[in-house]
Amino acid sequence: MSRIRILPDALASQVAAGEVVERPAAVVRELLENSLDAGATHIEVHVQRGGTALIRIVDNGHGMSREDALMSLERHATSKIRTKEDLSAIHTFGFRGEALPSIASVSRFRLATREASAISGTEVEVQGGRLTDVRDYGGSHGTVIEARSLFYNVPARRKFLRTESTEFAHVEQQFRLHAIAHPSVAFTLVRDGAVTFHLPPTSDLLERIEGLCGRDLARRLLPLPTSTHPSIKVSGYIGGAAVSRPNRQMQITFLNGRPVESPTIAYALREGYHNAIMKGQYPVTLLFLEMAPESFDINVHPAKKEVRFHDGHAIREAVVEAVAQTINQATTISSGHLPSTRTNIAESAFQQQPSLIPEPQQTSLRNDWSSIPIANNTQSTSSPPLSLVENPPPPSPTNDTLSQKPALNQADQFRILGVLHKLYVLMESVEGLVLMDQHAAHERVLYEQLRHAMEHEGVPSQRLLLPLNWEVSPRDYDLLNQHLPTLTKLGIEAGPFGNNAFKIDALPAFLKTDDPLDLLRQVVDELAVNSSRTSTLRLGEDMIATTVCRAAVKANDRLREPELRKLLEDLFACEMPYCCPHGRPTLIQITLPELEKKFGRRAP
């Protein structure tokens, strides 16, 4: 007897449902995509008990005839694909033809639909994949789909569902994604009979975001500039340096209106934000990509969530450019905005005012590289340390060059009042009170000086007293051979030394580490992920960020008023003055309206 058998249709449908319908949110996603493909302008989503008891989707789309309604419940039945060539040019959301039969196989299913030109429609009922009734339907045009008692006939799968609140949170996330992607469509979400969201159609994407995510978040988002890439259009909104989340839930990308996930895009977002986000935090992004359907493949994941690009490098560069340009040009700090064309606050009265900063135990603020520790972990104690002051780098664009840009020439718009707890510099602006973290600010200044040198001239190296012999795998050996110029630019002098081995003669002069080979392993891992120019610049940034943290002025260092003024000027001459290299804010603003609320001068 043959050991291989053809599965019965009912069982095959339940197996397919395991790929398509893993939880109630997946049902909502599939049915929302069908409604959008049907041209609906209003969609209602009703759920009970997190979607396990009932999921009902009501739309005003073009509806179906009786023949199409019955055919839609057959496996692999679809109106979206005719030939194999259509797979490379998909313009619709649902195209595999497995959603409805898969959902119907694991629920008590009802479909009611009517075309706008038809006198009556069709109502179909299915119990666990078995057709039980077909009758006329007299409702309004469009389609109503109900899935009750999800997984009632597959208890093994039902027990893996989470609590009702958790399952509803996933349903709500799918609702948010599709509502944001299609602001011109009206959406309503009803949970256990209570309306959670009622979103009218709008042509303003930011209005739709505000309706879903709240006004506070919407007003802190930054619009992305118009993309300059001919084959890729990038648009949407992203959060500034101070807007982040502890997870990727608000890191959303839409490709031709479809919510997608992609390691390529996730990596590009990390590159674009650079060091503007603290480690462990993730940016808030609502990224919209538009490109020709033949340039990507959405058919690589059962749930159509992940996407594969034919030219991932172009996608990465387009996203990095759009995000980095937006972050670098942003002027948002905390809850307010720095003035860019306001009256200069540094009046003559300020020049005559006595300093509020104590004079004793003052620490000189140094912006050259002589204050940065030198990597001498492999040197003997008798070996004299190398000084970077002997060969100082070309002046970085901190004062003369960048201060010519009006948007960055803002230091004179602050009046220094004093220092709180030997760390926070209190300043007055036309909008209220501004606090500067002197340590974080100095970190940013030193960081950009070092990064500028690494980006343009390469960082100085310090030769090791005893060269290191580093054995690597054949793959890493080939990778390092290809990128020896990159390593040299980072201050790492290395060369082949026998079979699958390298000799390390020098390391970056500013580096201080007890395990230089660990650093080299990180460089190799980064090169293996991506070897583009953007990634190359990233290779030395963690080293620099760690180094400047040690070199910057500390919390208890007392600075004179001229030194604080110089620090403030250097900070605003930086490309990204509002956060340190670790993503922490350098400046926080408390506006006058906020102060007035605190003192009861304004109603909350």
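The values are calculated or read from the model by the stated rules, or taken from the named source; none is laboratory data. Computed from a predicted structure; not experimentally measured. Note that we place each Cβ from the backbone using ideal geometry, even for glycine, and neighbour counts take in every protein chain shown.
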Give me the residue from the range 7-37 that is over 31 Å from the mean Cα position of the chain (by Cα) and not in a helix (DSSP H, G or I) and, out of that set, modelled with the lowest pLDDT. 7
Based on what the data block shows, is residue 471 out of contact with any helix residue (DSSP H, G or I) (no Cβ under 8 Å at 6 or more places or on another chain) and farther than 30 Å from residue 558 by Cβ? yes
Could you go through the range 75-96 and let me know if any residue there is modelled with pLDDT of 70 or more, in the same structural domain as residue 166 (by TED's automatic domain parsing) and in a helix (DSSP H, G or I). no
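Within the range 225-233, can one find any residue that is closer than 30 Å to residue 588 by Cβ and of a type outside the set (Val, Ile, Thr)? Walk me through it before giving the result.
Quick first cut of the range 225-233, residues closer than 30 Å to residue 588 by Cβ only: 225.
Subsequent filtering for residues that are of a type outside the set (Val, Ile, Thr) retains 225.
Looking through the range 225-233, at least one residue is closer than 30 Å to residue 588 by Cβ and of a type outside the set (Val, Ile, Thr).
Residue-wise test of (1) touching a Gly at 6+ places or on another chain (Cβ under 6 Å); (2) under 21 Å from residue 57 (Cα atoms); (3) aliphatic (A, V, I, L, M).
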position: 186; (1), (2), (3): no, yes, yes
position: 193; (1), (2), (3): no, yes, no
position: 196; (1), (2), (3): no, yes, no
position: 205; (1), (2), (3): no, no, yes
position: 220; (1), (2), (3): no, no, no
Residue identified as among the hydroxyl-bearing types (Ser, Thr, Tyr) and loosely packed, with under 14 Cβ neighbours inside 10 Å among 163, 188, 143: 163
For the range 443-483, give me the residue count where each residue is touching an Asp or Glu at 6+ places or on another chain (Cβ under 7 Å), crowded, with 16+ Cβ neighbours inside 10 Å and closer than 13 Å to residue 507 by Cα. 3
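This table checks each residue for (1) among the aromatic types (Phe, Trp, Tyr); (2) part of a loop (DSSP other than H, G, I, E, B); (3) surrounded by fewer than 17 Cβ atoms within 10 Å (Cβ to Cβ); (4) more than 11 Å from the chain's Cα centre (by Cα).
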| position | (1), (2), (3), (4) |
| --- | --- |
| 216 | no, no, yes, yes |
| 226 | no, yes, yes, yes |
| 231 | no, yes, yes, yes |
| 236 | no, no, no, yes |
| 247 | no, yes, yes, no |
| 254 | yes, no, no, yes |
| 266 | no, no, yes, no |
Could you identify the single residue in 196, 202 that is in contact with a helix residue (DSSP H, G or I) (Cβ under 6 Å, 6 or more places away or on another chain), at pLDDT 95 or above and not basic (Lys, Arg)? 202
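So if I check each of 290, 321, which one is in contact with a helix residue (DSSP H, G or I) (Cβ under 9 Å, 6 or more places away or on another chain) and of a type outside the set (A, V, I, L, M, F, W, C)? Even if it seems obvious, please write down each step before you answer.
On the way: 290 fails: in contact with a helix residue (DSSP H, G or I) (Cβ under 9 Å, 6 or more places away or on another chain).
Just a single option satisfies the conditions, and that option is 321.
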Quick one: count up the residues across the range 484-519 that are surrounded by fewer than 13 Cβ atoms within 10 Å (Cβ to Cβ), at pLDDT below 80 and part of a loop (DSSP other than H, G, I, E, B). 2
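Hey, which of the strands (runs of 3 or more DSSP E) in the range 407-470, taking only ones fully inside, have at least 1 residues that are in contact with a Cys (Cβ under 8 Å, 6 or more places away or on another chain) and either at negative phi or free of Cβ contacts under 8 Å to residues at least 40 places away in the same chain (or both)? Please lay out each step first, then the result.
Working: elements: 415-420, 424-429, 432-437.
By residue number, 432-437.
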Output for Cβ contacts, cut-off 6 Å, separation at least six or different chains, first residue farther than 12 Å from residue 34 by Cβ in the range 64-76, second part of a loop (DSSP other than H, G, I, E, B), reads 71/77; 76/97
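Taking the condition under 23 Å from residue 55 (Cα atoms) and surrounded by 14 or more Cβ atoms within 10 Å (Cβ to Cβ), does residue 179 pass? Walk me through it before giving the result.
Values: under 23 Å from residue 55 (Cα atoms): yes; surrounded by 14 or more Cβ atoms within 10 Å (Cβ to Cβ): yes.
In short, yes.
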